[in-house]
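For reference, the structure discussed in these notes is given below.
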Amino acid sequence: MGAAVPPRAAAQVFVTDPAAPELTPEDRHHLARVLRLTPGEVVIASDGHGASAVCAFTGDGPLLEPTSAVTRHPRPVPALTVGFAPAKGDRPEWVVQKLTELGVDRIVPLATDRSVVRWSGARAEHALERLRRVAREAAAQSRRTWLPEVAEPLGLGAFANEVGAAGGQLVLADQDGEPPTLSHPFVAVGPEGGWSDAERAMGLARVTLGDGVLRAETAAVAAGTLLAGLRASLVADAADHRT
């Protein structure tokens, strides 16, 4: 599996080649001017696809000098996917940030029957660019060596079909459902108004996130937390304890 990313690194950046890291102007500014790193401080350079190298901040020139060989980290399995219906304001960015920190592998903005926010055209492109930037920053902050995918917006039916074509089964977050399990690592979280009758009639299985009524963005993060906890064996799968 290789060595883990050093937890005390001063920062992490994403580059094309960790063995010869070339920083973007934004990353150069962040390390030198925002974080004000001093020569010798540890920075992790990752390609976002599982490869990383430990580097020393130099303070000049290319700014980063690798001090270790490139280590390859396997992608955690199973891959976790959470779809969510974006709400107004900056809440979609918050959801993407937290799901990224938790380790969710694929994040899908959903267009549902009761969605308040609907993206299309240039607005969708701008929103996705912003969410992907948030995911990149959150992945660096949380020292993830695998960048999550922030997918194009999908309707619930298209999302279910896509998951099915990949051999999986999409489940809906709903109070009437069963506890989450890693046998269904694809969870869709609805909008504030909940799922419509037509969406419920699609016949998708359901998982519960608890007894309370959660805000849409809280429910998305709760789904990611439970799935990530199951994958890391931090919480027990309820199915393993049924008699």
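Please determine whether any residue of segment 55-70 is touching a residue at least 40 places away in the same chain (Cβ under 8 Å) and closer than 30 Å to L182 by Cα.
No, every residue in segment 55-70 fails to be touching a residue at least 40 places away in the same chain (Cβ under 8 Å) and closer than 30 Å to L182 by Cα.
Collect the residues in segment 34-46 that are of a type outside the set (G, A, S) and in contact (Cβ under 8 Å) with a residue 40 or more places away in the chain, keeping them in residue-number order.
Hit for segment 34-46 is I44, nothing else.
Which of (1) in contact with a helix residue (DSSP H, G or I) (Cβ under 8 Å, 6 or more places away or on another chain); (2) within 21 Å of L147 (Cα to Cα) does L63 not meet, given it meets every other one?
If we test L63 against (1) in contact with a helix residue (DSSP H, G or I) (Cβ under 8 Å, 6 or more places away or on another chain); (2) within 21 Å of L147 (Cα to Cα), just (2) comes out false.
Counting only residues that are among the β-branched types (V, I, T) and surrounded by 17 or more Cβ atoms within 10 Å (Cβ to Cβ), which one in segment 106-132 is modelled with the lowest pLDDT?
V117
Does P39 count as under 15 Å from the mean Cα position of the chain (by Cα) and surrounded by fewer than 17 Cβ atoms within 10 Å (Cβ to Cβ)?
Spelling it out, it is not the case that P39 is under 15 Å from the mean Cα position of the chain (by Cα) and surrounded by fewer than 17 Cβ atoms within 10 Å (Cβ to Cβ).
Got at least one residue in segment 204-222 being among the basic types (K, R) and touching a helix residue (DSSP H, G or I) at 6+ places or on another chain (Cβ under 9 Å)?
There is at least one residue in segment 204-222 that is among the basic types (K, R) and touching a helix residue (DSSP H, G or I) at 6+ places or on another chain (Cβ under 9 Å).
Quick grid of which residues meet (1) surrounded by 15 or more Cβ atoms within 10 Å (Cβ to Cβ); (2) among the polar types (S, T, N, Q); (3) not assigned by TED's automatic domain parsing to the domain that holds A135:
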site	(1), (2), (3)
T24	no, yes, yes
D27	yes, no, yes
H30	yes, no, yes
V34	no, no, yes
H49	no, no, yes
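Limited to segment 79-105, what total is found for residues that are surrounded by fewer than 17 Cβ atoms within 10 Å (Cβ to Cβ) and either outside the structural domain of S183 (by TED's automatic domain parsing) or of a type in the set (K, R) (or both)?
1
Is segment 146-157 home to any residue that is in contact with a Leu (Cβ under 8 Å, 6 or more places away or on another chain), hydrophobic (A, V, I, L, M, F, W, C) and more than 26 Å from L31 (Cα to Cα)?
yes
The values are calculated or read from the model by the stated rules, or taken from the named source; none is laboratory data. Computed from a prediction, not measured in an experiment: that's the story for all the values here. Here Cβ is always computed from backbone atoms with ideal geometry, including for glycine, and neighbour counts include all displayed protein chains.
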